[in-house]
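Derivation of every value follows stated rules applied to the coordinates shown; laboratory data play no part. What you see is a predicted model; the values in this text were computed from it and never measured. A quick note on method: Cβ atoms are made from the backbone with ideal geometry, for glycine too, and the neighbour counts reach across all protein chains shown.
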Amino acid sequence: MDFYWLVFFCGAVVAVLLSYINCRNGFNKSIDQGEFQRQYLVVYTLAYFADWLKGPYVYALYESYKLTEQDIALLFIVGFGISGISGPFVGVLADRFGRKRCVIAYFVVYIASALCMAFPEFIWLVFGRILGGIGTSLLTTTLESWMVSEHRRQNFPQELLDDTFAKATLCNSGSAILAGLLAQATADRFGYLAPYMTAIIPLTIGMVICERSWATDSSKCGRSVFAEFQEGIDSMTYNMWILGVTQSLFLGAMYTFVFLWTPAMNVSDKDIPHGLVFSIFMVMISIGSAIFKRVALHVDKIPYVIFGGGALLMGIVSWSMEQKTTTFISFALFELICGVMFPTFGSLRATYIPSEHRTTIMNVYRIPLNVFVVVVLLNKKNMSLPFAFGFCCVTLFAAAIIWRYFVPKTRISTGKHGGSNQEEEDFGVLEDSHDIEDDIEDDIESDISDSDEQN
């Protein structure tokens with residue numbers, strides 16, 4: 001049996017087994033909790049399924065329109081640049097006017113973006129990329145923001161939140177595999193534009209389900225967008241800045257990997273089955289999400305493994321790119337780490353970002369990420385593949401060092417790591433048991449002193 005098919009089937013079996021074990025050992029959800037999770041995951045999966053459908057044939061469609069490589073690079077830069085510029089303002093609008101409304105706006109914007117791809121004129125393609133950049137900002141922040149806020153509002157347990165993040169990553173990777181197969185089938189039958197038109201179907205279905213089943217969150221009015229944005233920035237604590245910087249460094253390295261894994265593997269073998277390798281990567285993400293369920297209680301320690309392991313793997317690729325098997329295994333393990341990273345940082349964001357500014361801050365986190373990606377795209381021709389992956393190694397190592405300064409907090413009521421839910425507001429934060437012991441000793445000494453004076 002072909003090596004890649006063997007890896008795919010073995011990985012799929014491991015992913016299924018781990019998912020089954022997690023379901024068997026999962027906590028018992030109430031009817032309301034289960035329904036809430038299903039409503040979110042259905043809309044989330046449809047949204048990302050449509051995004052995956054559009055991804056595989058972007059470059060091929062542009063080439064079929066006779067665009068030059070420079071024009072195509074410019075279109076990609078426009079998309080990421082607009083996403084970075086519009087993100088904070090999109091976040092403010094979501095926090096101000098409601099996350100559900102902005103999720104619906106995502107579906108509308110992405111449908112319009114897909115329709116723009118039907119016109120070969122450059123100006124329409126630029127407009128489509130602008131809409132796509134805005135849609136990406138909405139997709140990557142507003143769905144999660146609504147889910148976490150509604151989770152807090154209904155006082156669901158932390159276990160449900162971690163379970164939802166893990167299942168969302170699993171559904172995302174599964175939808176990517178199906179989207180790749182469907183995109184291939186439609187493109188072969190109807191041309192490169194077909195996946196974009198097909199994506200309109202899940203986008204429309206997701207919009208209708210969201211409108212009918214999701215609870216409408218409250219909106220805030222009275223202040224300007226810039227005032228709301230400034231308030232969101234001012235609310236960011238030391239931990240939140242570290243969370244954002246390290247997340248951006250990892251995702252920047254991940255996007256660099258996304259751009260360069262194909263030419264990196266082609267160095268040693270020109271006959272790589274790219275579609276099958278992509279499916280293997282998605283299976284590895286599924287395994288990573290299942291692993292997260294087993295280690296979720298140590299969520300503040302997991303980033304050390306994510307950053308350290310990622311740096312090691314990128315370093316191996318940089319030094320041994322001509323060895324096909326070593327490069328492939330390193331890439332597959334890096335995707336497994338990505339599968340652990342997504343729910344880990346989702347849980348950390350849910351814990352440490354205040355609800356009233358959640359979407360704004362999550363989009364602020366995307367600014368350095370989009371700058372990272374634009375810089376890589378602009379300098380792609382000037383960087384050798386070993387240098388690019390070596391740079392990823394350095395950025396991930398830097399993220400691991402920065403994470404050392406992250407200070408996890410403990411909620412008295414649950415004893416679990418966190419920092420921004422209702423329990424913390426009610427009971428406060430226990431940061432150092434020695435400080436409390438000192439306070440108790442001071443109180444005892446004060447009582448004894450007062451008693452002596454009275455006697």
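For the chain, the longest principal axis of the C-alpha atoms and the axis of helix 31-54 are separated by about 30°.
Pairs of alpha-carbon atoms within less than 8 angstrom and 6+ residues apart define the contacts here; what relative contact order does the chain have, in percent? All intermediate terms of the calculation are to be shown ahead of the outcome.
On the way: 581 pairs, mean separation 109.3, N = 455.
Averaging sequence separation for qualifying contacts and normalising by length gives 24 percent for the chain.
Of K29/K293; K66/K324; K301/K324; K100/K301; K100/K409, which ones are farther than 25 Å apart at the Cα? Result: K66/K324; K301/K324; K100/K301; K100/K409 exceed 25 Å.
Listed highest first by mean packing, meaning other Cβ atoms within 10 Å per residue, what order do 156-163, 123-130, 379-386, 187-194 come in?
Values: 156-163: 19.6, 123-130: 18.0, 379-386: 12.2, 187-194: 15.1.
For the peptides 156-163, 123-130, 379-386, 187-194, the packing ranking is 156-163, 123-130, 187-194, 379-386.
Taking the longest Cα principal axis of the chain as reference, the axis of helix 225-234 is set at about 60 degrees.
Work out how much length V375 to A118 would gain on full extension: take 0.36 nm times their residue separation and subtract the Cα-Cα distance, in nm to one decimal. Show your work: numbers first, answer last.
On the way: separation 257, 0.36 × 257 = 92.52 nm, distance 2.89 nm.
Taking V375 through A118 to full extension adds about 89.6 nm, to one decimal.
About its Cα centre, the chain has a charge dipole of approximately 2880 debye under the convention of +1 per Lys or Arg Cβ and -1 per Asp or Glu Cβ, with nothing else charged. Computed from backbone phi, the HN-Hα couplings of the range 284-299 come to 5, 4, 4, 4, x, 5, 5, 5, 4, 4, 7, 10, 4, 5, 10, 4 Hz, rounded to whole numbers (Karplus: 6.51 cos²θ - 1.76 cosθ + 1.60, θ = phi - 60°; Gly and Pro given as x). Couplings 3J(HN,Hα) of the range 376-384, computed from phi: 5, 5, 5, 10, 4, 5, 8, 10, 6 Hz, in residue order, whole Hz [Karplus 6.51 cos²θ - 1.76 cosθ + 1.60, θ = phi - 60°; x for Gly and Pro].
Compare the peptides 298-306, 170-178 by average per-residue count of other Cβ atoms within 10 angstrom and give them in order, highest first.
Values: 298-306: 18.9, 170-178: 22.0.
Output ranking for 298-306, 170-178: 170-178, 298-306.
Estimated purely from DSSP H runs of n ≥ 4, each contributing -39500 (n - 2.57), the mean residue ellipticity at 222 nm for the chain is -27500 deg cm²/dmol once divided by its residues. Each of F127, V148, L160 was scored by the projection of its Cα onto the charge dipole of the range 114-173, and the greatest displacement toward the positive side belongs to F127; charges sit on the C-beta of Lys, Arg, Asp and Glu.
Charge dipole (Cα centre; +1 on Lys/Arg Cβ, -1 on Asp/Glu Cβ; no other charges) of the range 133-173 amounts to roughly 120 debye.
Using +1 on the beta carbon of Lys and Arg, -1 on that of Asp and Glu, and nothing else charged, what's the dipole of the range 13-148 about the Cα centre, debye to 20? Walk me through the numbers on the way to the answer.
Numbers: 10 positive and 9 negative charges, 86 e Å.
Here the range 13-148 has a charge dipole of around 420 debye.
With K and R counted +1 and D and E -1, the other residues having a Cβ less than 12 Å from that of P202 yield a net charge of 0.
Counting Lys and Arg as +1 and Asp and Glu as -1 over every other residue whose Cβ lies under 13 Å from the Cβ of T136, the net charge comes to +2.
Our coupling estimate for the range 200-211, obtained by passing each phi through the Karplus curve with A = 6.51, B = -1.76, C = 1.60 and θ = phi - 60°, is 4, 5, x, 5, 5, 4, x, 5, 5, 5, 4, 5 Hz, Gly and Pro reported as x.
Would you mind counting up the charge near S248? Only other residues with Cβ under 13 Å from its Cβ, with Lys and Arg at +1 and Asp and Glu at -1. Don't skip to the end; give the middle numbers.
Details: positive: R349, R366; negative: none.
After counting each charged neighbour, the total is +2.
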